[in-house]
Amino acid sequence: MDPFVRRYSIGLACVVILVVAWNLLSRDPRIGELNQLLAEDHELGEFPFHFRVVKLENGIATVTSPRSAQVPVMQFLRAAYPELASVSVDDPRMMEAQAVLVKKQSRAAEVIKSEADIGAIRWQVDERWFEERGVRLETRP
């Protein structure tokens, strides 16, 4: 191996090690604990969307959500429940799925807010969830 390739490889390895170390050291263990609470909750277990805490700052937990002004609720329901893809918006099955979504998001908020150090929740649309399912989100100014 020539000296340039050797130095380049060593330098690249150092950068990768530093990035990985920084990611591991900057993680908030409390976020992991809150996500564990959500993952273990029996009412949230079977739901096709998994709520996650992505940020915790000054008692405010930022939690992923499938709903926002950016995403019509029907878009989420059709992605989460393929059997509803061609169902009308006013179909009873669609209305029931929407009620379940409201109940599950309320439950996720209840689980997080039950912790003494959490004073509020800020919801953030989970763009990755939609991307993984091939759903393109509208970007509004």
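I'd like the residue in the stretch 60-85 that is loosely packed, with under 12 Cβ neighbours inside 10 Å and among the aliphatic types (A, V, I, L, M) and, out of all such residues, is nearest to Gly45 (Cα to Cα). Explain how you work it out, then say what you get.
Going through the stretch 60-85, the residues loosely packed, with under 12 Cβ neighbours inside 10 Å turn out to be 69, 82-83, 85.
Going one step further and asking which of them are among the aliphatic types (A, V, I, L, M), we end up with 69, 85.
On the way: Ala69: 26, Ala85: 23 Å.
So the residue we want is Ala85.
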Query raised in the report: Of all residues in the stretch 21-36, which are surrounded by 12 or more Cβ atoms within 10 Å (Cβ to Cβ) and modelled with pLDDT of 90 or more?
Result: Arg30, Ile31, Glu33, Leu34, Asn35
Query - Residues located in the stretch 69-83, provided they are β-branched (Val, Ile, Thr) and either over 17 Å from the mean Cα position of the chain (by Cα) or over 12 Å from Val135 (Cα atoms) (or both) - result: Val73
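Okay, residues lined up against (1) outside any loop (DSSP other than H, G, I, E, B); (2) open to solvent by 50 Å² or more (accessible area, probe 1.4 Å); (3) more than 22 Å from Gly32 (Cβ to Cβ); (4) not aromatic (Phe, Trp, Tyr):
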site: Glu46; (1), (2), (3), (4): no, yes, yes, yes
site: Leu56; (1), (2), (3), (4): yes, no, no, yes
site: Val87; (1), (2), (3), (4): no, no, yes, yes
site: Arg93; (1), (2), (3), (4): yes, yes, yes, yes
site: Gln98; (1), (2), (3), (4): yes, yes, yes, yes
site: Ser106; (1), (2), (3), (4): yes, yes, yes, yes
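I need the full set of residues from the stretch 58-85 which are part of a helix (DSSP H, G or I) and farther than 15 Å from Asp126 by Cβ, in order please. Write out each step before concluding.
Initial filter on the stretch 58-85 (part of a helix (DSSP H, G or I)): 73-80, 82-84.
Within the stretch 58-85, Met74, Arg78, Pro82, Glu83, Leu84 meet the criteria.
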Query raised in the report: So, in the stretch 104-130, of the ones that are out of contact with any Ser or Thr (no Cβ under 9 Å at 6 or more places or on another chain), touching a residue at least 40 places away in the same chain (Cβ under 8 Å) and of a type outside the set (A, V, I, L, M), which residue ends up nearest to Asp41 (Cα to Cα)?
Result: Arg107
Query raised in the report: Looking at (1) surrounded by fewer than 17 Cβ atoms within 10 Å (Cβ to Cβ); (2) over 16 Å from the mean Cα position of the chain (by Cα); (3) charged (D, E, K, R), which is the one condition that is false for Glu40?
Result: (2)
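The values are calculated or read from the model by the stated rules, or taken from the named source; none is laboratory data. Note that the structure is a prediction, hence the values are computed from the model and not measured. All Cβ positions, even for glycine, are placed from backbone atoms using ideal geometry, and neighbour counts span all protein chains on display. We work out accessible area using only protein heavy atoms, side chains counted, and drop any ligands, DNA or RNA first. Shrake-Rupley method; radii C 1.70, N 1.55, O 1.52, S 1.80 Å.
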